[in-house]
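Colleague: Starting off with a structure, shown below.
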Amino acid sequence: MKPSQMPNEGLRSAPLPSELRRGSVGRREALRSSLESRRDVVETGRTAYMRRAGKPSTFTRRLGAAAPPDLYTIAINRMGYGEINGQRAEWIALGGNETQRFEAYVDEQVYPNSIVDTEYEQKVGAAGFTTLNKNLSQLWIDHHVNGSGWSQRSRPIRESELDQFMRAIYSKKQLQEAMVEFWLSHFNMYGWDYWSVHVWPDVINVIRTNCFNNFHTLLRKITQHTSMLYYLDNYASTRSGPNENHARELVELHTMGAENYYGVGDPLSVPRDANNIPIAYVDNDVYEATRALTGWSVNNGWSGRLNNGSFYYDDADHDRFQKNFLGRVLPPDSGQQDGEDVLRYLADHPGTGRYIARKLCQRFISDDPPQSIVDEAAAKFNQLNTSASQIRETLRVILKSDEFKNTWNEKIKRPFDVVVSALRATRANFRWEWNADDVDDFFWNYDRCGQALFTWPTPDGLPDERGKWQSTTPRVMTWRLMLWMSDERNGSGSHRWDVVAKTPSGVNTAEEIVDYWVDRVLGRALDPADRDEMVDFMRAGFGSSSPLPIGSDSDTDARVRSLVALICNCPNFLER
Amino acid sequence: MSTSRRSFMVGCSAAIASLGGARFKSLTFGAAPGDDTLVVLFLRGGIDGLSLVCPTNHNDRGLYEQARPDIAIPLSGGNSALGIGQGFGMHRSAAPLRNLLLDGNLAVVHACGMMNNANRSHFDAQEFMELGTPGTRTTFSGWLSRHLETLGLPNNVPLPAVAIGSLQQTSLRGSIEAVNMNSINDFNLNRGPSQWRTQHRSALRNLVENGSSEIHTTCQQALDAVDVVELNAAGGYSPANGANYPGGSLGDHFRAIAQMIKLGLGLRVAAIDFGGWDTHNGQGDNGGGYFSQRVGELSQALEAFYTDLDGSGANDFIQNTTVVVQSEFGRRLRQNANRGTDHGYGNSMLVMGGSVNGGIYGQFPGLATGQLFDQADLDVTTDYRQVFSEIVVRRFGNGDIDTVFPGYASEYVNVGPLGIVQGTDVPISLGPPMFGDSFESGDDTEWDVVVGS
């Protein structure tokens, strides 16, 4: 049996000193809240009902705090994954007042290459990763051509998964990681597919390198990436056998979006804008784009091709005749240029700007962002369509807007956000190195929360609306994960959730312990009734301001670990 | 909201309302309308309905073979289609479904979909269907949520709805009565330092009840769900009648639903998914391959579920259970060059249960170019809401079609039930204002119409 699976009793330390031992009064006190609240079915034996008197069938939209917290809390929770212990001091050094600091923080975050990232660099350097710096052809050759077995083939994506956690937790380039997550979902591929596992680090590198730069460049690199060409079948789309899968999602999901789709209709009937461009697309545009992309394939070793995984254009498979796409003629015999024109027309279409701007606002502000900020961001996006800073400047418009700064709790944390922000706040000793001893146990638990990395099967990507993430699977399984984490031990029997050791000396009473960890995890005060609840939990029958034997009594230490998990499980921690 | 119509709804299902204080367990054995469970299985990705149920003779057979030289379901050989009458055959791997059909327990509805709302986007089409408002995406709640809300359920129902999967289906969007879970076994909070688990849970309960925000409300829902599952569904489960669920998630999920039905927790609706139908590439030649395997798993799971619930007397659960199998659209008539099919339009729906009048329903519009939608796809001749409305009305006694499918009630009154399920046609409420307060007037009779037999 691994230590992590041992019953707690086996590792209990010496009994409490007699004066601190919980007598019957203390135990009763500890159970008081559950009995009085008549809610804990285990204690009371009551029946539980999903439908009961006085409870509505459907919830109504009722968001939390009317007044947003300070700009710091908004910035670190919505431009990244929450506060890492020690971050506030760095924030304060950014300027003389909150506004200056906020502006400086945004300006710093949109230029990740200038950010010194020592802690992450040290950790990744010691992680034993061997595939993350390989380029596409090295990955293809080492893990496909010369690969043998699933373990070698899939090592690249498994390293990517560990690195994703490591970066989100420890990297100072928080906005970059948020943008990697955004684009990975926007251009969603099923990473664990046979044709993706071995090249996945390259997918992420392409996205990370371009996540603030030019949209057309990013679009083109992804459209021509072997993972996408396989995922959406274009690698096999030929003039004699066109396959519309990729072309459809290219238009519907990657560029113009379904919001600019007029369905099945006559392309000539679509109204035109001032530049004589159709304002929307119809199915016929999808079919014409399909023809334009025929022959866009992969150097996969098929006859006459190299076998290195790079993009390959096969003119013999390309439909050479004239096409009409989005109101433009693609002349006959244009070869690969047909597809290039399609990407250019799509990237430049005003509808694409609106769609991308709306998605970015949905990610960073709210599920239903004000049209004013969407329009402003879209205008910037469209204006900078040839700029290498197109996405960066669009983001700056969004992040520096009043809409961003004045909005709170319209978004909630998804499971990845919950776990990462809990680990940032606590700096708990979970490990992401290759073959860290219980990392598989972590993923076994994490993957049940509904957001296993790189596994979303359909090209629409992860939902970005709170309604999808507040159902009971993600909530219960994320609670359960935090509970598991609070009790997990490493190979030598030490708790990974090492919050006892991280509680400063002098923080001894229930009130002090709660206040310290609430501030460290949430970075803001709790409602007094919530604080009382936590203090009640922590004191377990002792006085709120009596010193507890923290560090010398295993029951007390277990309670501290459980308390910090409780803070991470409380509703406020989901706000962002 | 529509709760203002409650007294009307209670009138429709007085038998249930009068049992409000009774143990819920007894209800599942009763025959009162509304005691049913509706299981909606959504086949994500757009199943190729023309491979599941194919034409076997007449003019359409020739057109079908011509359009699908490699992937047409053959009429001879080991993978030949199994005749179900009226010139149609079922995929060989769906043999269990054909048996259910011939026994009168499964209905095929041809050429279903969103009438007048063709959309070849998976994600739009799924969302429109599950919201129950084709063409409108701003609807707040899913159609199953509104069905639950207008069902006239008594208070204190342990588990009126489950949504199986990692995320709650859009058809149950907005419902705080639903339990969303992947697996009964994992769905608990039995982790963390063992000496403080109980206190952690009770403190968490107090924290989530100390607020009424959306986060608090949905956290309460989640803790309620843990309580319900822990109190009722813990422990093992052995299927009855030799039911043999296939390995894999679909079999597991149907098994879990069967368990919950038998526990008598008041389960009214269950949403469940089975993906992998977006067969643009290599769907399988001559009735074999990938599609065949997928249909095999689907059929085996449905058959096992039917068998499991098909007891006698107090164990006759299938009489009050209806399973509907739907998908967002069908696929193109013509195969593509990768021996797959691209997105299409009309599709088959399946309805299975002990109160189903087995057979073939709907009108097959034909496969000649002039009969196809957009000259490419099987057309839609039956709105999917007609099928669901009939079940809502006849199996649940819920006539509030206007709330369940806003804007569709008068159309339903026009077309009436197809006769797929047994039951009584209750008055259909036609409006006026969708979520208005008009019921307060007390005079609803002027907009109630009885349709069907």
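Colleague: State the percent of C-alpha pairs, over all pairs in segment A:81-125, separated by a distance greater than 18 angstrom.
Modeller: Looking at segment A:81-125, the distances longer than 18 Å represent 36 percent of pairs.
Colleague: What's the whole-number percent of alpha carbon pairs in the protein assembly as shown lying beyond 49 angstrom? Spell out each step's value before the answer.
Modeller: Working: 138580 of 528906 pairs.
That fraction is 26 percent.
Colleague: Counting DSSP beta bridges with both partners in the protein assembly as shown, what percentage is antiparallel, nearest 5?
Modeller: Looking only at bridges with both residues in the protein assembly as shown, the antiparallel portion is about 55 percent.
Colleague: Something else about it: Could you give the size of the charge dipole of chain B about its Cα centre, using +1 on the Cβ of each K and R and -1 on the Cβ of each D and E, expressed in debye and rounded to the nearest 20? Mind dumping the intermediate values first?
Modeller: On the way: 28 positive and 44 negative charges, 208 e Å.
Charge dipole of chain B: 1000 debye, to the nearest 20.
Colleague: Same structure, new question: Could you give me D for segment A:433-528, from Stokes-Einstein at 37 °C and 0.692 mPa s, where the hydrodynamic radius is the Kirkwood radius over C-alpha pairs? Units µm² s⁻¹, please. Don't skip to the end; give the middle numbers.
Modeller: Numbers: Rh = 16.3 Å.
Calculated translational D: 201 µm²/s.
Colleague: Residue by residue through segment A:329-341, which ³J(HN,Hα) values in whole Hz follow from phi under the Karplus form 6.51 cos²θ - 1.76 cosθ + 1.60 (θ = phi - 60°), with glycine and proline marked x?
Modeller: Result, ordered by residue: 8, 9, x, x, 6, 9, x, 4, 4, 3, x, 4, 4 Hz.
Colleague: Counting only DSSP beta bridges with both residues in segment A:258-334, what percent are antiparallel, rounded to the nearest 5?
Modeller: In segment A:258-334, DSSP labels about 90 percent of beta bridges as antiparallel.
Colleague: Taking the Cα atoms of segment A:299-346 alone, what are Rg (to one decimal) and Dmax (as a whole number) in Å?
Modeller: Just the Cα atoms of segment A:299-346 yield Rg and Dmax of 12.9, 38 Å.
Colleague: Could you work out the percent of alpha carbon pairs in segment A:455-499 separated by over 18 Å, rounded to a whole number?
Modeller: More than 18 Å apart: 52 percent of the Cα pairs in segment A:455-499.
Colleague: Once you keep just the Cα pairs under 8 angstrom separated by 6 or more residues, what percentage relative contact order results for segment A:398-498?
Modeller: Relative contact order of segment A:398-498: 33 percent.
Colleague: Could you give the alpha-carbon Rg of segment B:41-194 over 2.2 N^0.38 Å, rounded to two decimals?
Modeller: So segment B:41-194 has a normalised radius of gyration of 1.38.
Colleague: Also, quick follow-up: Computed over the Cα atoms of segment A:506-576, what is the convex hull's projected area averaged over all directions, in nm²? Walk me through the numbers before you get to the answer.
Modeller: Working: hull surface 17.8 nm².
Spelled out: convex hull of the Cα atoms, projected over all directions, averaged, 4.4 nm².
Colleague: Less than 9 Å Cβ to Cβ from A:Arg248, Lys/Arg counted +1 and Asp/Glu -1: what total charge do the surrounding residues give?
Modeller: Details: positive: B:Arg120; negative: A:Glu244, A:Glu249, A:Glu252, A:Asp283, B:Asp342.
Residues close to A:Arg248 contribute a combined charge of -4.
Colleague: Same structure again: Just counting partner chain Cβ atoms within 10 Å, what average do the residues of peptide A:457-464 show around their Cβ?
Modeller: Neighbouring Cβ atoms belonging to other protein chains average 3 per residue here.
Colleague: Suppose the chain between A:Ala529 and A:Ser303 were pulled fully straight at 0.36 nm per residue; how much longer would it get relative to their current alpha carbon spacing?
Modeller: 74.2 nm
Colleague: Next question. In nm, give the distance between the simple-model label positions of B:Ala337 and A:Glu103, each being 7 Å from the Cα along the Cα-to-Cβ direction.
Modeller: Placing both labels 7 Å along Cα→Cβ, they lie 5.7 nm apart.
Colleague: Taking only C-alpha pairs under 8 Å that are 6+ residues apart, what is the relative contact order of chain A in percent?
Modeller: Contact order relative to length: 17 percent.
Colleague: Set the Förster radius R0 to 45 Å, insert the Cβ-Cβ distance between A:Ala379 and B:Gln371 as r into 1/(1 + (r/R0)^6), and round the FRET efficiency to 0.05.
Modeller: 0.45
Colleague: On to the next question. With the Cα gyration tensor of segment A:152-260 giving a ≥ b ≥ c as the square roots of its eigenvalues, does the rule (a/c under 1.5 for rounded; else a/b larger than b/c for prolate; else oblate) give rounded, prolate or oblate?
Modeller: Oblate shape, in that a/c is at least 1.5 and b/c is the bigger or equal ratio.
Colleague: Hey, another quick one. Determine the shielding of peptide B:135-145 by partner chains: average, over its residues, the number of Cβ atoms on other chains within 10 angstrom of each Cβ.
Modeller: Average per residue, whole number: 2.
Colleague: Based on the Cβ-Cβ distance of A:Phe443 and A:Asn135, what FRET efficiency does E = 1/(1 + (r/R0)^6) give at R0 = 22 Å, to the nearest 0.05? All intermediate terms of the calculation are to be shown ahead of the outcome.
Modeller: Details: r = 27 Å, r/R0 = 1.22.
The formula returns an efficiency of 0.25 here.
Colleague: While we're looking at this one, here's another question. Report, in degrees rounded to the nearest 10, the 0 to 90 angle that the Cα long axis of helix B:384-396 makes with the longest principal axis of chain B.
Modeller: Approximately 40 degrees, to the nearest 10.
Colleague: Evaluate the Kirkwood expression for the hydrodynamic radius of chain A, namely the inverse of the mean inverse distance over all pairs of different C-alpha atoms, and round to one decimal in Å.
Modeller: This gives a value of 26.3 Å.
Colleague: Oh, and also: Which whole number gives the average, over all residues in A:537-546, of C-beta atoms from other chains lying within 10 Å of the residue C-beta?
Modeller: Taking the mean over all residues of the peptide, I get 1.
Colleague: Something else now. If you put +1 on each Lys and Arg Cβ and -1 on each Asp and Glu Cβ, how big is the dipole of chain A around its Cα centre, in Debye rounded to 20? Intermediate results must be reported in sequence, preceding the final value.
Modeller: Details: 68 positive and 77 negative charges, 242 e Å.
With Lys and Arg at +1 and Asp and Glu at -1, about 1160 debye.
Colleague: Another one. Taking H as built 1.01 Å from N, whose amide H comes closer than 5 Å to the amide H of B:Gly89, not counting residues under 5 places away?
Modeller: Sorted by chain and number, the residues that satisfy this are B:Cys54, B:Thr56, B:Ile84.
Colleague: Efficiency by 1/(1 + (r/R0)^6): what FRET value for B:Asn241 and B:Gln422, r their Cβ-Cβ distance, R0 = 30 Å, to the nearest 0.05?
Modeller: 0.85
Colleague: On to the next question. Stick to Cα atoms and the Kirkwood definition of Rh, then tell me Rg/Rh for segment A:202-261.
Modeller: In segment A:202-261, Rg relative to Rh is 1.01.
Colleague: I'd like the per residue volume of the convex hull spanned by the Cα atoms of segment A:234-323, given in cubic angstrom.
Modeller: 111
Colleague: Quick one: work out Rg over Rh on the C-alpha atoms of chain B, Rh as Kirkwood radius.
Modeller: 0.98
Colleague: Helix B:289-309 sits at what angle to the longest principal axis of chain B, using alpha carbons and giving 0 to 90 degrees rounded to 10?
Modeller: The angle comes out at about 40 degrees.
Quick note: the coordinates plus some simple rules give every number you see, no bench work behind them. Every value quoted in this text rests on a predicted model; they were computed, and no experiment measured them. Don't worry about glycine lacking a Cβ; one is built from the backbone with ideal geometry, like all the others, and counts go over all protein chains shown.
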